[in-house]
Amino acid sequence: MKRLQLCLATLALAASACAQQNTNPEKYAKYITAEEARKHLSILASDAFEGRETGKPGADKAANYTADVFINRAGIQTGATTDAI
């Protein structure tokens, strides 16, 4: 029985490794510039986000900012709402 479980676990691991597709990161490079990344990182690292510590208001501010960038500015569709973040 343990041998069957080991075989199934190995098969599942091998299948999950094969499921990963090789994507070309260069095709995504046109979506963000170094200047834009610096701007967002400076905003998130600012004192206004209060350190972004888990469970603190700064973490909520950072999550809402990130959601705003991805959903409202980039137009990415999600199944979640910003209220859940």
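Annotations for the structure displayed:
- Close pairs from region 48-74: first within 15 Å of Glu36 (Cβ to Cβ), partner surrounded by 11 or more Cβ atoms within 10 Å (Cβ to Cβ), Cβ under 7 Å, at least 6 apart: Tyr65/Ile43; Tyr65/Leu44; Val69/His40
- Within region 43-57, the set of residues being out of contact with any Gly (no Cβ under 6 Å at 6 or more places or on another chain) and more than 14 Å from Val69 (Cα to Cα) comprises Ala45, Ser46, Asp47, Ala48, Glu53, Thr54, Gly55, Lys56, Pro57.
- Screening the chain for helices (runs of 4 or more DSSP H) wholly inside it with 1 or more residues that are modelled with pLDDT under 70 returns the ranges 2-19.
The values are calculated or read from the model by the stated rules, or taken from the named source; none is laboratory data. Owing to the predicted nature of the structure, the values given are computational and were not obtained by experimental measurement. Cβ sites come from the backbone with ideal geometry, for glycine too, and all protein chains shown count toward neighbours.
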